[in-house]
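Novice: What follows is a single structure, and I will ask about it in a moment.
No lab work stands behind these numbers, since they all come straight from the coordinates. Predicted model, so just to flag it, every value in this text is computed and none were measured. In this analysis, Cβ positions are derived from the backbone assuming ideal geometry, glycine residues included, and neighbour counts consider all displayed protein chains.
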Amino acid sequence: MKFSVSGRTAATGVAAAAVSTVMLLTSGSLAGAAPAPAQAAAPDIPVANVKAHLAQLQSIATANGGNRAHGKAGYKASLDYVKGKLDAAGFTTTVQTFTSSGSTGYNLIADWPGGDTDHVVMSGSHLDSVSAGPGINDNGSGSAAVLETALAVSRAGYQPSKHLRFAWWGAEELGMVGSRNYVNSLSTADRSKISDYLNFDMIASPNPGYFVYDDDPTIEKTFKDYFAGLNITTEPDTEGDGRSDHAPFENAGIPVGGLFSGADYIKTAAQKDAWGGTSGKAFDACYHRSCDTSANIDDTALDHNSDAVAHAVWELSS
Ligand code: DTR
Ligand code: CA
Ligand code: ZN
Ligand code: ZN
């Protein structure tokens, strides 16, 4: 695995010992106000901002053969878009490369300077789509929510006690390839420094459910308490066990959690009573299809889940 730091490729030898290669603090002014105290509550995440990122990802797919899949131009263009926003906001970004199915894959890692690097709260989402379509819900929604949360950290000048790291994974659709490469590239010591890994993969399904990963109990409670405060019922995400980028972290013994709004499973009558929408229909009928476009998004679910991402990041890192 190679590491490219802010456009320069730091050709390294064996990846295993190189995970903490030189990370060049990127230029770019911090847009935030005076640093926010660690215990401050998370800000509201403007859903309009999240939707603007989704519009950009849709445009990128449209301009690149209709998808943002691993090994295609649309994926790298998506990564360049996200990286540009983060570099401008003062993050230290690193692009990790790997090879899968004969093509180069890319992970984007963004570290927010400050905080105790022996205790890292990490949030991630896969940025790739399937080749059948633009992947706006799967998983532009998670990628855009994590991006806007990172930008909110910058705007707030947030300085939590723990270190914040954000990631956008390549080649999840090929079997969590990018995230597995990242975890495998970490030394045992660096793995042990990640106190929480939060995963967001499909969080704006058009017929949404509100599912919370039932893996680490502290992370699960953080999300469940947040939604309880909104009087929104949640259910444990049992569908997704082992099916997204939290799996390599969990297999390495790292506490994981996350949110999910549903895929091709069918919403029951009881779930319709709790969440609205349509029973007897899939949570996302465009899952892995060409119709997973900007029109395939429920704005309310996107808003609530984006705010929940920020809440958990603030809560777990303070
Ligand atoms: N977002 C899916 C992986 C996934 C996560 N949770 C579930 C539940 C049911 C089906 C699939 C999934 C993907 O990237 O393919
Ligand atoms: Ca919001
Ligand atoms: Zn998928
Ligand atoms: Zn996905």
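Novice: Kyte-Doolittle cut-off 0.5, length cut-off 15 Å along the helix's own axis using Cα: show which whole DSSP H helices in the chain pass.
Specialist: 47-63, 142-156
Novice: Assuming R0 = 22 Å, what is the FRET efficiency of residue 268 and residue 290, from their Cβ-Cβ distance, to the nearest 0.05?
Specialist: With a Förster radius of 22 Å, E is 0.20.
Novice: Separate question: With Cβ to Cβ distances under 9 Å as the rule, what net charge do the other residues near residue 172 carry (K, R +1; D, E -1)?
Specialist: -4
Novice: Now for a different question. Taking square-rooted eigenvalues a ≥ b ≥ c of the alpha carbon gyration tensor, is the stretch 138-198 rounded, prolate or oblate, where a/c under 1.5 means rounded and, failing that, a/b exceeding b/c means prolate?
Specialist: Verdict is oblate for the stretch 138-198.
Novice: Further question: Quick one: which residues, 5 or more positions from residue 116 or on another chain, have an amide H under 5 Å from its amide H? H modelled 1.01 Å from N in the peptide plane, none for Pro or chain starts.
Specialist: Distant-sequence amide H within range of residue 116: 162, 163.
Novice: Looking at this model, which pairs from 85/267; 51/83; 83/224; 51/72; 224/267 are more than 28 angstrom apart at the alpha-carbon?
Specialist: Distance filter (> 28 Å) returns 85/267; 83/224.
Novice: Sum up the charges of everything whose Cβ sits under 11 Å from the Cβ of residue 109, counting Lys and Arg as +1 and Asp and Glu as -1, but leave residue 109 out.
Specialist: +1
Novice: Please report the spacing between the Cα centers of the stretch 257-306 and the stretch 118-155 in Å, no decimals.
Specialist: Cα centroid to Cα centroid, the span is 17 Å.
Novice: Excluding same-chain residues fewer than 8 positions from residue 193, which lysines have a Cα within less than 18 Å of its Cα?
Specialist: Here the lysines satisfying the reach criterion relative to residue 193 are 162.
Novice: For the chain, what is the calculated [θ] at 222 nm in deg cm²/dmol (nearest 500), taking -39500 (n - 2.57) for each run of four or more DSSP H residues and dividing by its residue count?
Specialist: Per the formula, -10500 deg cm²/dmol.
Novice: Also: Using modelled backbone amide H atoms (1.01 Å from N, in-plane), which distant-in-sequence or interchain residues come within less than 5 Å of residue 99's amide H?
Specialist: 105
Novice: Same structure again: Rounded to whole Å and ordered largest first, report the semi-axes of the equivalent ellipsoid of the stretch 134-265 derived from its Cα gyration tensor (root of 5λ).
Specialist: After scaling each eigenvalue by five and taking roots: 22, 19, 16 Å.
Novice: Put +1 on the Cβ of every Lys and Arg and -1 on every Asp and Glu Cβ in the chain; which of 204, 287, 126 then has its Cα farthest towards the positive end of the dipole?
Specialist: So the residue we want is 126.
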